[in-house]
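The values are calculated or read from the model by the stated rules, or taken from the named source; none is laboratory data. Just so it is clear, the model here is predicted, and its values are computed rather than measured. Heads up, the Cβs are rebuilt from the backbone with ideal geometry, glycines too, and the neighbour counts pull from every protein chain shown. Keep in mind that these areas ignore ligands, DNA and RNA; they rest on the heavy atoms of the full protein, side chains included. Shrake-Rupley method; radii C 1.70, N 1.55, O 1.52, S 1.80 Å.
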Amino acid sequence: MGSQPRFLSVKDEYQFQHQGAVELLVFNFLLILTILTIWLFKNHRFRFLHETGGAMVYGLVMGLILRYATTPTDIDSGTVFDCPKLGFGPSTLLLNVTDQVYEYQFKREVSRHNVNAHQGNAMLEKMTFDPEIFFNVLLPPIIFHAGYSLKKRHFFQNLGSILTYAFLGTAISCIAIGLIMYGFVKAMVYAGQLKNGDFHFTDCLFFGSLMSATDPVTVLAIFHELHVDTDLYTLLFGESVLNDAVAIVLTYSISIYSPKENPNAFDLAAFFQSVGNFLGIFAGSFAMGSAYAVITALISFQFTKLCEFPMLETGLFFLLSWSAFLSAEAAGLTGIVAVLFCGVTQAHYTYNNLSPDSKLRTKQLFEFMNFLAENVIFCYMGLALFTFQNHIFNILFILGAFLAIFIARACNIYPLSFLLNLGRKQKIPWNFQHMMMFSGLRGAIAFALAIRNTESQPKQMMLTTTLLIVFFTVWVFGGGTTPLLTWLEIRLLPLHFLQGTDSVGKNTTKAESAWLFRMWYGFDHKYLKPILTHSGPPLTTTLPDWCHPISRLLTSPRAYGVSDRAGLEWVGGPRGQDWERSGAGNTVKKNQPSFPLASPSSVPLSGRLVSEGVSPI
């Protein structure tokens, strides 16, 4: 350690800033190329490579150039100095070099075969994102858009099946992958490729939980373009949306599993504590996201008239939605789960209160942010294969991982589909099950979970394997979607059949929906919709008479007009005033703005709704 440490000169600092601009410029050009490629693919109806696969190809090429075209900035970066007196790796290291003390921060463990002059390469380091950027900046818009654009009608019709695949299926997949990988780890120890004690069963379960996060973005895009059967699309989309949330919470619960005596042994108390953590974090995140959506709905509906200023309305909608994510993270919960359910609740309540301009703006804003963030992540995956300097390629571990994800997916889809078909009126056919088995791609969530912790060599091995699995599933499975649809004879629906299916309650009956949803729908339609939106029956017609002072206060006068224009007639108007039929003009009088009435055949009933075959909205 005799050489003097070097300090950054003003010129070096400017060069470091320029490298930051170069990093942004590289991603900018990658996105430009991706957008032009997407146009080319859509123009020529090329479906064998999705836009995300193309983004990864461009990232790989750029990463290859950066890795081998840039020269090491410091020839001493690859030099290893021995510290025999230091028996552990502290998070902060103070070094005394020629009577001056310098502070060094711990980053990660480095495998000996990765020690080279590129360690500390400024350009490669700039191209390696801080993992928190994924979780705090790039993932929230993707997850929120998934919830905000959810097709509620078909989702709730298949709610029981989706919850089964998302919760029970993810747990089965995690355990199956963990057990299979533990067997391969033992084989690696026996073959001398791994030291005994470096890779524990909890590490295998951790890998199983992050690999259980499916991301069939390629398959779903092709499904949407070809108008594949809506039930198949909904099952796959619903499973992937909730599955991501479950996998994130499961990964965190496994990472904090800590028995008191032996941290790597099974302890029943620690196991139940982890299960409790999982349930508590998931429920708390769900409540946090829903609460922010309810607050947004109340602000836009009860307390302000933001609809008169669409720009302010859109800004407040965006900031409160993002606050759901940040608040959950700050509270020790999972922001991804919070922002997912915030998106679902915003679409169900707040969207109805927005002005027409804000409705269009919010849909386009989050669709664009989803597109941009998704392609940035897949571009970075390609870059990371070359710019991340601590990859560990182990053939046995990689082969075991490929085998494990296929077996785990089969153990998830086929047994659960068999059990679900015992209670479903509309069965899940075999060709749907085969397509769901084939569509278990890995993507942004699995990669983000893997890159969030690369401090130890087992975690670095997991990241490398995750990247290779993402490449393979997106390119091979994504590219094979169209031929497989033809081979499995899965029907394609005409476009007009799919239009107008966004809202619950339209063109559907209670018998078609899941029983869990039928219970919720009655409560939601009678009590929550009138409080949080302008739709639904006024509370004066659904609450007992002794609650009328509160119900008149909480119900918007517009709710009466909306319901009446839908073909409904209310007696007992807003603010306690009665409505009565006018003999001429068929309008309502008595100190209230006039609203058109239902057909003359409707018979008024005191304080109750009268309708003529109109299903509730």
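Out of 66, 60, 33, which single residue is buried (at least 19 other Cβ atoms within 10 Å of the Cβ), touching a helix residue (DSSP H, G or I) at 6+ places or on another chain (Cβ under 9 Å), part of a helix (DSSP H, G or I) and hydrophobic (A, V, I, L, M, F, W, C)?
So the residue among 66, 60, 33 that is buried (at least 19 other Cβ atoms within 10 Å of the Cβ), touching a helix residue (DSSP H, G or I) at 6+ places or on another chain (Cβ under 9 Å), part of a helix (DSSP H, G or I) and hydrophobic (A, V, I, L, M, F, W, C) is 66.
Residues of the stretch 322-341 being over 18 Å from residue 149 (Cβ atoms), assigned to a helix (DSSP H, G or I) and among the hydrophobic types (A, V, I, L, M, F, W, C), which ones?
Result: 326, 328, 330.
Which condition does residue 386 not pass, out of (1) crowded, with 19+ Cβ neighbours inside 10 Å; (2) farther than 30 Å from residue 54 by Cβ; (3) among the hydrophobic types (A, V, I, L, M, F, W, C), if it passes all the others?
Failing condition for residue 386: (2).
Find the helices (runs of 4 or more DSSP H) located wholly in the stretch 157-275 whose residues include 1 or more that are closer than 22 Å to residue 424 by Cβ and open to solvent by less than 10 Å² (accessible area, probe 1.4 Å), and list them.
Ranges flagged: 159-163, 170-190, 217-226, 230-255.
Within the stretch 15-47, which residues are at pLDDT 85 or above, of a type in the set (S, T, N, Q) and within 16 Å of residue 129 (Cα to Cα)?
28
Please go through the stretch 315-333 and pick out each residue that is surrounded by 22 or more Cβ atoms within 10 Å (Cβ to Cβ) and either under 16 Å from residue 138 (Cβ atoms) or touching a Gly at 6+ places or on another chain (Cβ under 7 Å) (or both).
321, 324, 325, 328, 333 - these are the residues of the stretch 315-333 that are surrounded by 22 or more Cβ atoms within 10 Å (Cβ to Cβ) and either under 16 Å from residue 138 (Cβ atoms) or touching a Gly at 6+ places or on another chain (Cβ under 7 Å) (or both).
State whether one or more residues within the stretch 137-147 are surrounded by fewer than 16 Cβ atoms within 10 Å (Cβ to Cβ) and at pLDDT 85 or above.
Within the stretch 137-147, one or more residues are surrounded by fewer than 16 Cβ atoms within 10 Å (Cβ to Cβ) and at pLDDT 85 or above.
Kindly provide the set of residues from the stretch 276-321 that are charged (D, E, K, R) and not in a helix (DSSP H, G or I), ordered by number.
305
Just give me the residues in the stretch 424-439 being touching a residue at least 40 places away in the same chain (Cβ under 8 Å) and not in a helix (DSSP H, G or I), in sequence order.
Correct list: 424, 426, 428, 439.
Just to be sure before I move on: is residue 468 assigned to a helix (DSSP H, G or I) and either open to solvent by less than 40 Å² (accessible area, probe 1.4 Å) or free of Cβ contacts under 8 Å to residues at least 60 places away in the same chain (or both) in the structure I sent?
No: the conditions fail for residue 468.
Residues that are touching a His at 6+ places or on another chain (Cβ under 8 Å) and modelled with pLDDT of 70 or more: does the stretch 539-560 have at least one?
no
When the residues of the stretch 472-511 are narrowed to those that are charged (D, E, K, R) and at negative phi, which ends up modelled with the highest pLDDT?
Selected residue: 491.
Yes/no per residue for (1) in a helix (DSSP H, G or I); (2) under 30 Å from residue 27 (Cβ atoms); (3) open to solvent by 30 Å² or more (accessible area, probe 1.4 Å); (4) at pLDDT below 90:
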residue: 343; (1), (2), (3), (4): yes, yes, no, no
residue: 348; (1), (2), (3), (4): yes, no, yes, yes
residue: 361; (1), (2), (3), (4): yes, yes, yes, no
residue: 366; (1), (2), (3), (4): yes, yes, no, no
residue: 374; (1), (2), (3), (4): yes, yes, no, yes
residue: 378; (1), (2), (3), (4): yes, yes, no, yes
residue: 392; (1), (2), (3), (4): no, yes, no, yes
residue: 405; (1), (2), (3), (4): yes, yes, no, no
residue: 409; (1), (2), (3), (4): yes, no, no, no
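What's the number of the condition residue 442 fails, among (1) in contact (Cβ under 8 Å) with a residue 12 or more places away in the chain; (2) open to solvent by 10 Å² or more (accessible area, probe 1.4 Å)?
Unmet condition: (2).
Go through the stretch 129-185 and count every residue that is small (Gly, Ala, Ser) and within 22 Å of residue 348 (Cβ to Cβ).
Result for the stretch 129-185: 6.
Which is in contact (Cβ under 8 Å) with a residue 60 or more places away in the chain, of a type in the set (Val, Ile, Thr) and assigned to a loop (DSSP other than H, G, I, E, B), of 482, 454?
Just a single option satisfies the conditions, and that option is 454.
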